[in-house]
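Below is one structure. I have some questions about it.
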Amino acid sequence: ETGVTQSPTHLIKTRGQQVTLRCSSQSGHNTVSWYQQALGQGPQFIFQYYREEENGRGNFPPRFSGLQFPNYSSELNVNALELDDSALYLCASSPGTSRLIEQFFGPGTRLTVL
Amino acid sequence: AQSVTQLDSHVSVSEGTPVLLRCNYSSSYSPSLFWYVQHPNKGLQLLLKYTSAATLVKGINGFEAEFKKSETSFHLTKPSAHMSDAAEYFCVVPNQAGTALIFGKGTTLSVSS
């Protein structure tokens, strides 16, 4: 069974650019959630996708957007990058949206904005 | 609103001694609670979870946690630390809808020989 994978591993962008991060969910999982982890902090919820629809959103501006595809993989897009967007971006998949269900995390994408 | 507070940002122990990482929660409903571990340059891994069954929960690698409603606590313990336990530990509560995990700020566990 393949776990959650993310690409790329690392990324360097300049302020104002746009970036797309990718996530493949674990087999059998129909739900993908995205988190931002700044250095020395706990992860912060960005949004969740369930069966290709956004199913919840944290306190992030609209320039953070996402997609989920029919195979349940997902993309996180960030427009007009700011220096504060530098962080580890984590993707998690789960077989549903219940608060009783564990979310399985990928290794993350480290984004640096210069 | 739901929240968790990890009472120690850094805990240092010697190999072979007990580990105690403290977490208090706040929730307007009967919560689920999780502990996740993050090793350097690796993703988050679930250690254990409480979902309103037994209040003493056993997890992987010898860790366990006890849910105490009267104290609103969910402290993580291990009888004997190992060098490989050195990592960042997060206490986590899901929101009521189950869409988001709400993380504490984390506790860094250091283990010395």
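The values are calculated or read from the model by the stated rules, or taken from the named source; none is laboratory data. Just so we're clear, the structure is a prediction, and the values are computed from it rather than from any experiment. Reconstructed Cβ throughout: ideal geometry from the backbone, glycine too, with neighbour counts over all protein chains shown. Accessible surface is based on the protein model in full, side chains and every heavy atom, while ligands, DNA and RNA are left aside. Shrake-Rupley method; radii C 1.70, N 1.55, O 1.52, S 1.80 Å.
Taking only protein heavy atoms and a 1.4 Å probe, what accessible area per residue, in Å², does the range A:1-90 have with all protein chains in place?
On the way: 4570 Å² over 90 residues.
Accessible surface, normalised per residue, equals 51 Å².
Something else now. Straight-line reach from B:Lys78: which lysines have a Cα under 25 Å away, not including same-chain ones fewer than 8 places off?
Cα-Cα hits under 25 Å: B:Lys42, B:Lys49, B:Lys58, B:Lys68, B:Lys69, B:Lys105.
Something else now. What total accessible area, in Å², is buried where chains A and B meet, using a 1.4 Å probe and rounding to the nearest 100?
Answer for the A-B pair: about 1700 Å² buried.
To continue, here is another question. If the cut-off is 19 Å between C-alpha atoms, which aspartates and glutamates fall inside it for A:Lys13, apart from same-chain ones fewer than 8 positions away?
Output for A:Lys13: A:Glu75, A:Glu82, A:Asp84, A:Asp85.
Could you work out what % of the accessible surface of chain A is carbon and sulfur, using a 1.4 angstrom probe and leaving DNA, RNA and ligands out of the count? Walk me through the numbers on the way to the answer.
Numbers: 2600 of 5410 Å².
C and S fraction of accessible area: 48 percent.
Given charges of +1 on the Cβ of Lys and Arg and -1 on the Cβ of Asp and Glu, with all other atoms neutral, how large is the dipole of chain A about its Cα centre, in debye to the nearest 20? Could you put the intermediate results ahead of the total?
Numbers: 8 positive and 9 negative charges, 36 e Å.
With only Lys, Arg, Asp and Glu charged at Cβ, the dipole is about 180 debye.
I would also like to ask the following. What's the carbon and sulfur percent of chain B's accessible surface, probe 1.4 angstrom, rounded to a whole number?
Values: 2600 of 5220 Å².
The value for chain B is 50 percent carbon and sulfur by accessible area.
Taking the Cα centre of the protein assembly as shown as origin, work out the dipole magnitude from +1 charges on Lys and Arg Cβ and -1 charges on Asp and Glu Cβ, in debye rounded to 20. Display every interim value, and only then the final one.
Values: 16 positive and 16 negative charges, 25 e Å.
Value, rounded to 20: 120 debye.
What dipole magnitude, in Debye to the nearest 20, does chain B give about its Cα centre under +1 on Lys/Arg Cβ and -1 on Asp/Glu Cβ? Present the calculation step by step, with values, prior to reporting the outcome.
On the way: 8 positive and 7 negative charges, 46 e Å.
That gives chain B a dipole magnitude of about 220 debye.
Which positions within the range A:43-76 get 40 Å² or more of their accessible surface covered by the other protein chains, compared to the chain by itself, with a 1.4 angstrom probe?
By number: A:Pro43, A:Phe45.
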